[in-house]
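Below is one structure, written out as structure tokens; the observations come after it.
Derivation of every value follows stated rules applied to the coordinates shown; laboratory data play no part. Not measured: the values here are computed from a predicted model. Positions of Cβ are generated from backbone atoms using ideal geometry, with glycine treated the same way; all protein chains shown enter the neighbour counts.
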Amino acid sequence: MSNPFTVHLVSWQDGEPLLRAIRETVFIKEQGVPPELEWDGHDAACRHVLVLSEQGKAIGCGRITPHAQIGRVAVLPEWRGKKVGTAILEALLNYAHSQRYPLLELNSQTQNVPLYRRFDFSEVGDVFMDANIPHIKMQLRLPHADS
């Protein structure tokens, strides 16, 4: 059975209004992240994943920096538990493989650690607070076949 959504790799320039709407809903309104922390000025340099419902509604997103840092993974509440986060991570990992990044890093909210563990990310260090939300750094080494 196919998913009731589609996954797209986009630039910030092409996806900004939809990416911004998801992140404002999840991070700023739902989780109370201050806007000045959410809008860090790095989006233009990142590759973004945008997930759209069959009706074309923006329902999830994530980004990867040129330095192989995954972040801003967000799924609208009504779409959680429906494999949207998994699809975002798969797209980000595929992109990372295509760029031959040797090591991926992310700062996971502690409640999302099980999702990242399913993709073989490992915790590094101690839990820390970011925007008053507990996080932990996670890493994944990517194998690359010699070409």
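Each label was represented as a point 7 Å from its Cα along the Cα-to-Cβ direction; for residue 111 and residue 16 these points are 3.1 nm apart. Extension gain for residue 52-residue 69 works out to 3.8 nm (0.36 nm per residue, less the C-alpha to C-alpha distance). Net length available on complete extension from residue 126 to residue 44 is 26.5 nm, with 0.36 nm assigned per residue and the Cα-Cα distance removed. On a per residue basis, the convex hull of the C-alpha atoms belonging to region 1-89 measures out at 94 Å³. Ranking 86, 125, 44 by how far each Cα lies toward the positive end of the dipole of the chain (charges on Cβ) leaves 86 at the top. Listed by chain and number, the lysines placed with their C-alpha closer than 20 angstrom to that of residue 29 are 57; residues fewer than eight positions away on the same chain are left out.
Hey, in the GNM for the chain with a 10 angstrom Cα cutoff, which one of 37, 106, 76 fluctuates hardest? Result: 37 has the largest fluctuation of those listed. Highest GNM mean-square fluctuation among 136, 70, 88, for the chain modelled with Cα contacts below 10 Å: 136.
Within the chain, which is the longest segment containing none of the trypsin sites (Lys or Arg not before Pro) that sit in a DSSP loop and have at most 11 other Cβ atoms within 10 Å? In short, 1-99. Highest mobility in the GNM of the chain, judged by mean-square fluctuation with C-alpha springs under 10 Å and restricted to 51, 124, 84, is found for 124.
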